[in-house]
Structures are given as C-alpha cells and as structure tokens.
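Report on one structure; see the data block that follows.
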Amino acid sequence: MRPDAILLTERLRIRTWQDTEADRAFFHRVNSDERMLAFYPFRRSREEADELFELMRARTEMNGIGWAVAEDRETGAAVGFTGLAKIRDEAVMGQGVEIGWRYVPEVWGKGLATEAARALLVHGFDDIGLARIVAFAVETNAPSIAVMRRIGMTARPDLDFDHPGVPETMPHIKRHAYYVMMADDPRP
C-alpha cells in the first residue's frame, strides 16, 4: 500500500505503520502470538520485532508501497497486519506485488481480512496501477486460501513453491500455494 494512503472500508481504517509505541507493540504481537503464527516459522522477541519494524518501514519508503495496519473504525484498536508489498525473493516467488493479511484471533471469522483485501485490490489496481497482484500461503492454511478465493484470485498450482524462508526442519509449513489476480480480472 502507498505510504500516503488511508483506506476506509465499512469496518476498517487501513494505514501505514507509524513509529509509535502503540504500533511497535502491536507489530510485536503479530510477530509473536502463537495463534496468529501457526503457519509461520519464527516468533520474535520485542527487540527482534523492533528491528523488523525498522526494516519494513525502510522497505516501504524505498519501494513506495508496503505493509499496513488495519484498525477497527469504531474503536481505533489495531486488529490486523495487511497491505501490498513488493515481493522480496523474486527468484522463487516471481516479480511483482503481494497482498497479505494477519489478524488478531479476537476478530477471526468476521470477514475483516476479506473486507480489507478487497479494498487493497482496488487500491493496487486502480490507484497504483498494478497489472498483477499475487498471494501465497502455506498450502494447509485454509482460512487464508479461502480469503484468496473470496476476493477472486486464481490458484496457480504450477507456481506453488517451497518457501525459502522456512527451514527444512519445518516441512509442514514449507510448501506454499500461489494465487494471482490480474488488473482486468473480474472482482467479486
């Protein structure tokens, strides 16, 4: 997502991460919470999360797009990590921009990831002018794959891959399903 953008949906306000204690604390939560990270290989300490936070903000500034925080519009509480970001390992995952999401367990099952993802697709295709947006998730991550399908993305099993950031000692989360949407694809 563009750093200067604020996206509003019916229930969410999506904005760029700011260098505040509240954003840093929430960023640590989404990078350390066991339930939220069931399909991720690493849990980060606060110090590690702060280092990753700085790196993420630098990449957003360098690339002109990046990850964002989703807040409940009514309460202002941070509820998710989402956004559009440049793919880092293009040799494995292909060139382009990925869409992603990770929400707190308290809001699971309420459709917030789908709601935010639809707004991010509009932002990516219509505001930024992207030609293609991709998503990928551990092949057994049914909730994330369901969001990809609900927002109209197409499975590309020929592009499924073993994620280079997942250690060989964790084969249960190594294989990733790959989905894609083109700017001219129909949007549900």
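Translational D (Stokes-Einstein, µm²/s) of segment 47-188 at 10 °C and 1.306 mPa s when Rh comes from the Kirkwood sum over C-alpha pairs? The estimated diffusion coefficient comes to 100 µm²/s. Rounded to whole numbers, the Karplus 3J(HN,Hα) couplings from phi for segment 181-188 are 9, 9, 4, 8, 5, x, 10, x Hz, using 6.51 cos²θ - 1.76 cosθ + 1.60 with θ = phi - 60°, and x at Gly and Pro.
Evaluated at q = 0.16 Å⁻¹, the base-10 log of the normalised Debye intensity for segment 1-48, with identical point scatterers placed on the Cα atoms, takes the values -0.60. The longest stretch of the chain left intact once loop-based trypsin sites (Lys or Arg not before Pro) with at most 14 other Cβ atoms within 10 Å are removed from consideration, loops following DSSP, is 111-188. Which distance in nm do the two modelled labels at Glu168 and Glu90 give, with both placed 7 Å along the Cα-to-Cβ direction? With each label placed 7 Å out from Cα toward Cβ, I get 2.8 nm.
Please state the shape class of segment 105-157: rounded when a/c is under 1.5, otherwise prolate if a/b exceeds b/c and oblate if not, all from the C-alpha gyration tensor. Oblate.
Quick note: the coordinates plus some simple rules give every number you see, no bench work behind them. All figures in this text were calculated on a predicted structure; none of them were measured in a lab. No Cβ is skipped: glycine too gets one built from the backbone with ideal geometry, and neighbour counts run over all protein chains shown.
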